[in-house]
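Worksheet for the structure shown next.
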Amino acid sequence: MAHWATMTDAAATPPPSIPERLLALQAVDTEADQLTLQRERHPLRDAFVAASRELAAWETRRGELRGRIDELAAAIERAEEEGADLTSSKVRLEAQLKTVIAPREFEALMHEIATIDEQRDALDLQELEALEEQSLRDEELSRHLDGEETTRESVRRTDQELSSAVNEIDRELATLDERRSDLRAGLDDTMLATYDRKRAALGVAAATLVGRQCQGCHLDLSAAEVDTVKDEAAATGVTDCPQCGRLLVV
């Protein structure tokens, strides 16, 4: 008996009317619009972008430090090579000095040796400064690399959280899409074309008349306008709002 009663009740339930389908379709589309906007502007997206920028800045700084360390290493190597050349030149001049008799030649050689000593002192100072900076940059790079895993983990975590949130929204959108298809199947092509055109232009295509107010534009209709829309909607329950042009369910 209970089974028969359920079947009887289901058979007695009338299918949704055109106005009901229209409003249900608008509700589905509005919810889908809200979910799509939530998907695009999800707070986790900002967190992911911030974490990604932090990682990019971290990688940039790492590259800068490694580049500077390489520059310093090259400068130290050049200083050592130039220092070796200066030492060779000084040894050669000192050997010549032992064979010189003329005072002027002796003075010239001594001047050259003094110049080499000055150059070598300046070169040694440059090399020392490079070595000191290299040591500082090595320490800074070591500290910087210590933060790599934390920085990358922040990107991975926010990416996973964002993906999870987006997937959940996508599942909701897929459910709404199924409901949308069912609702659209119950409307004729002319009504759907009108609905789609108004939705593209106004965002909300269909609204109800409550009292004298259109719930789409929230403007009050005059008494004459109310009489007109009621007459126009007598057959189908739907007409156009004289204020905003939306489909108006009366």
Got a number for residues in segment 80-102 being under 14 Å from residue 116 (Cα atoms) and not acidic (Asp, Glu)?
10
Residue check, residue 158 touching a helix residue (DSSP H, G or I) at 6+ places or on another chain (Cβ under 9 Å) and in a strand (DSSP E or B):
no
Are any residues in segment 182-201 within 16 Å of residue 238 (Cα to Cα) and small (Gly, Ala, Ser), and if so, which ones?
186, 193
Across segment 92-129, which residue is nearest to the chain's Cα centre (by Cα) among those that are open to solvent by less than 90 Å² (accessible area, probe 1.4 Å) and in contact (Cβ under 8 Å) with a residue 40 or more places away in the chain?
127
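How many residues does segment 206-250 hold that are polar (S, T, N, Q), open to solvent by less than 30 Å² (accessible area, probe 1.4 Å) and out of contact with any strand residue (DSSP E or B) (no Cβ under 9 Å at 6 or more places or on another chain)?
Final tally of qualifying residues: 0.
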Would you be able to tell me the number of residues in segment 63-81 that are open to solvent by 40 Å² or more (accessible area, probe 1.4 Å) and touching a helix residue (DSSP H, G or I) at 6+ places or on another chain (Cβ under 6 Å)?
1
Counted residues in segment 130-156 being in contact (Cβ under 8 Å) with a residue 12 or more places away in the chain and closer than 18 Å to residue 50 by Cα come to 6
Is there a residue in segment 105-125 that is charged (D, E, K, R), under 30 Å from residue 33 (Cα atoms) and part of a helix (DSSP H, G or I)?
no
Spot the failing condition for residue 238; the list is (1) over 30 Å from residue 45 (Cβ atoms); (2) out of contact with any helix residue (DSSP H, G or I) (no Cβ under 8 Å at 6 or more places or on another chain); (3) touching a residue at least 40 places away in the same chain (Cβ under 8 Å), and only one is missed.
(2)
Considering (1) under 30 Å from residue 57 (Cβ atoms); (2) at pLDDT below 95; (3) not charged (D, E, K, R), say which one residue 186 fails and leave the rest.
(1)
Would a scan of segment 180-199 turn up a residue that is open to solvent by less than 90 Å² (accessible area, probe 1.4 Å), in contact with a strand residue (DSSP E or B) (Cβ under 8 Å, 6 or more places away or on another chain) and among the β-branched types (Val, Ile, Thr)?
yes
Qualifying positions in segment 185-223 - touching a helix residue (DSSP H, G or I) at 6+ places or on another chain (Cβ under 6 Å) and among the charged types (D, E, K, R)
212
Residues of segment 82-104 that turn out to be in contact with a helix residue (DSSP H, G or I) (Cβ under 7 Å, 6 or more places away or on another chain), in a helix (DSSP H, G or I) and of a type outside the set (S, T, N, Q), as a count:
7
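The values are calculated or read from the model by the stated rules, or taken from the named source; none is laboratory data. Just so you know, these numbers come straight off a predicted model, no measurement behind them. Note: ideal-geometry Cβ built from the backbone for every residue, glycine included; neighbour counts use all protein chains shown. For accessibility, only protein heavy atoms count, side chains too; no ligands or nucleic acids. Shrake-Rupley method; radii C 1.70, N 1.55, O 1.52, S 1.80 Å.
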